[in-house]
Amino acid sequence: MIEPRDELGTAMTDSAQRILLLGSGELGKEVAIEAQRLGVEVIAVDRYSNAPAMQVAHRSYVGDMRNADFLFSVVERENPDAIIPEIEAINLDALFELEKDGYFVVPNARATWIAMHRERTRETLARKAKVPTSRYTYASTPDELYEACEKIGYPCHTKAIMSSSGKGSYFVRSPEDVPKAWEVAKKKARGSAEKLIVEEHIDFDVEITELAVRHYDENGELVTTFPKPVGHYQIDGDYHSSWQPAEISEKAEREVYRIAKRITDVLGGLGLFGVEMFVKGDQVWANEVSPRPHDTGMVTLASHPTGFSEFGLHLRAVLGLPIPGEWVDEYRLFLLLTPAATHVIKANVAGYSPRFRGLAKALGVPNATVRLFGKPEAYPGRRLGVAIAWDRDVGEAKRKAEMVAHSIELRTRSTNWHSQDYEKRKHLI
């Protein structure tokens, strides 16, 4: 693990600090931008060329990160100070081997291994961290899935054991939905669906993400700092809008910090963690954890000071640099600059070379902006950008972000690559 640091070198020289991004999507792109601002050398890796983070990195590699030989060859060539996994499709055995060889895997190989598998995650939350979760069980066959849903009770949620962004998940309202839940897990999971987890449905008031960051303070002591909880809602299991601060009670907020601290202490290492939770009144349940910046945390690009978004916080922690905070009773807090909100810009059509229209109207909204991720290909449901707005009132920030997102229109080249025609499609809410 990185030690506390008081010095940085210069990119592209023999004094450089290097970070290696395994996965180069929109979240990795923001980490790369923060690294560039501090003179840190960035190497981006993904399965396809011209991924968002590659567009702002010093160097990039294209390959299958599930292939251990490919990972070893890139790491040995680049000799990074930190290896930062950003996606699930990575050879986990290779990460453990690299860690044994002395490389710093963020936050550590074990935490990455746990968070990429829902059974390991849930057992860590419930049994190791001993925090409240919804009731749950597992199923490996259609018959077992039916029995599991009956045991947990309807409605309930079924999820592929390894996946992300809601792929392979289903909301089961009655026994008639069980066959469809099995089919969705098998066909749409991004990872493994050899087993499903069945979770109790919590009738929550709001779903939140706590962006807890483990880092060294100015005295070189390892501490955990807590930004304000981020509220969000999903459509089809994928984040659609987020805002900060979440509108929860003071008692619930303290419980959020307590739960996040227990979970991140168990996982260990350095860096920012996105701890997902459900909140109802003063009650809080842990749901999942991501050992890296979280998509809902893009709101911090507006709500936090420049350089201290979730991406800046993650990078500082990874490099061993201090992060300012303020102790409030037993918790160290990172205070909000302004209430803010995000709303996604998604494709509803497949094609290449996306173009975005309506920017004059969108960018004419006061205290609002957009981030276009630069993904070279669109397909229905793919997140291509995000609208960000800020205001003294979080409700007004939400309204502005939604208005800006809905002002954007998408054009793509036809999925038939021979065609030069463009088709115009309105952004799908």
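The values are calculated or read from the model by the stated rules, or taken from the named source; none is laboratory data. Everything quoted here is computed from the prediction, not taken from an experiment. Cβ placement follows ideal geometry from the backbone for every residue including glycine, while neighbour counts extend to all protein chains displayed. Accessible surface areas use protein heavy atoms only, side chains included; no ligands, DNA or RNA. Shrake-Rupley method; radii C 1.70, N 1.55, O 1.52, S 1.80 Å.
State all residues of segment 340-392 that are surrounded by fewer than 19 Cβ atoms within 10 Å (Cβ to Cβ), out of contact with any Asp or Glu (no Cβ under 8 Å at 6 or more places or on another chain) and among the aromatic types (Phe, Trp, Tyr); if no residue qualifies, say none.
Matches in segment 340-392: Tyr379 only.
Of the residues in segment 78-110, how many are within 21 Å of Glu34 (Cβ to Cβ) and aliphatic (A, V, I, L, M)?
Count: 6.
For segment 9-31, indicate whether the set of residues that are open to solvent by 40 Å² or more (accessible area, probe 1.4 Å), in a strand (DSSP E or B) and in contact (Cβ under 8 Å) with a residue 60 or more places away in the chain is non-empty.
Yes, segment 9-31 has at least one match.
May I ask you to list the residues in segment 167-188 that are over 24 Å from the mean Cα position of the chain (by Cα), without any contact (Cβ under 8 Å) to a residue 40 or more places away in the chain and crowded, with 16+ Cβ neighbours inside 10 Å?
Correct list: Val172, Asp177, Val178, Ala181.
A quick yes/no check of all residues on (1) among the polar types (S, T, N, Q); (2) free of Cβ contacts under 8 Å to residues at least 12 places away in the same chain:
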{"site": "Asp69", "(1), (2)": "no, yes"}
{"site": "Glu76", "(1), (2)": "no, yes"}
{"site": "Glu88", "(1), (2)": "no, no"}
{"site": "Asn91", "(1), (2)": "yes, no"}
{"site": "Glu97", "(1), (2)": "no, no"}
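Which residues, taken from segment 263-282, are in a loop (DSSP other than H, G, I, E, B) and touching a strand residue (DSSP E or B) at 6+ places or on another chain (Cβ under 6 Å)?
Leu270, the sole residue that qualifies.
If you take the residues of segment 70-110 that are touching a helix residue (DSSP H, G or I) at 6+ places or on another chain (Cβ under 9 Å) and basic (Lys, Arg), which of them is nearest to Val318 (Cα to Cα)?
My answer is Arg110.
What is the residue count in segment 143-158 for residues that are farther than 13 Å from Pro179 by Cα and among the charged types (D, E, K, R)?
Number satisfying all stated conditions: 2.
Considering (1) surrounded by fewer than 23 Cβ atoms within 10 Å (Cβ to Cβ); (2) out of contact with any Asp or Glu (no Cβ under 9 Å at 6 or more places or on another chain), say which one Lys280 fails and leave the rest.
(2)
Looking at segment 295-323, I want the residues that are under 18 Å from Val275 (Cα atoms) and have a partner that is assigned to a helix (DSSP H, G or I) and of a type in the set (Ser, Thr, Tyr) with Cβ atoms under 9 Å, at least 6 apart or on another chain. Which pairs are those?
Ser309/Thr300; Ser309/Ser303; Glu310/Thr300; Phe311/Thr300; Gly312/Thr300; Leu313/Thr300
Kindly establish whether Glu119 is farther than 29 Å from Leu301 by Cα and free of Cβ contacts under 8 Å to residues at least 60 places away in the same chain.
Judged against the criteria, Glu119 is not a match.
Quick one: Thr342 ticks every box in (1) at pLDDT below 95; (2) in a strand (DSSP E or B); (3) polar (S, T, N, Q) except a single one, so which number is it?
(1)
Here is a yes/no grid of residues against (1) touching a helix residue (DSSP H, G or I) at 6+ places or on another chain (Cβ under 8 Å); (2) crowded, with 17+ Cβ neighbours inside 10 Å; (3) in a loop (DSSP other than H, G, I, E, B); (4) of a type in the set (Asp, Glu):
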residue	(1), (2), (3), (4)
His240	no, yes, no, no
Arg258	no, no, no, no
Lys261	no, yes, no, no
Val284	yes, yes, no, no
Glu288	yes, yes, no, yes
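Taking the condition of being at positive phi and open to solvent by 30 Å² or more (accessible area, probe 1.4 Å), how many residues in segment 146-162 meet it?
Number of matching residues: 0.
Does Pro324 satisfy being at pLDDT 95 or above and open to solvent by 10 Å² or more (accessible area, probe 1.4 Å)? Don't jump to the end; show me each part of the working.
Details: at pLDDT 95 or above: yes; open to solvent by 10 Å² or more (accessible area, probe 1.4 Å): yes.
Yes; evaluated as a whole, the condition is true for this residue.
Regarding segment 113-126, can at least one residue be identified that is loosely packed, with under 15 Cβ neighbours inside 10 Å and farther than 22 Å from Glu255 by Cα?
No; the residues of segment 113-126 include none that is loosely packed, with under 15 Cβ neighbours inside 10 Å and farther than 22 Å from Glu255 by Cα.
Within segment 189-215, count every residue that is open to solvent by 20 Å² or more (accessible area, probe 1.4 Å) and over 27 Å from Thr137 (Cα atoms).
1
Taking segment 32-72, which residues are farther than 22 Å from Pro107 by Cβ, in a loop (DSSP other than H, G, I, E, B) and open to solvent by 10 Å² or more (accessible area, probe 1.4 Å)?
Across segment 32-72, the qualifying residues are Gly39, Arg47, Tyr48, Ser49, Asn50, His58, Gly63, Asp64, Asn67.
Among the listed residues Glu194, Glu207, which satisfies the condition of being of a type in the set (Asp, Glu) and assigned to a loop (DSSP other than H, G, I, E, B)?
Testing whether each residue is of a type in the set (Asp, Glu) and assigned to a loop (DSSP other than H, G, I, E, B) leaves just Glu194.
Checking the condition at negative phi and outside any strand (DSSP E or B), which residue from Gly307, Gly312 passes? Can you show your working first?
On the way: Gly307 fails: at negative phi.
The match here is Gly312.
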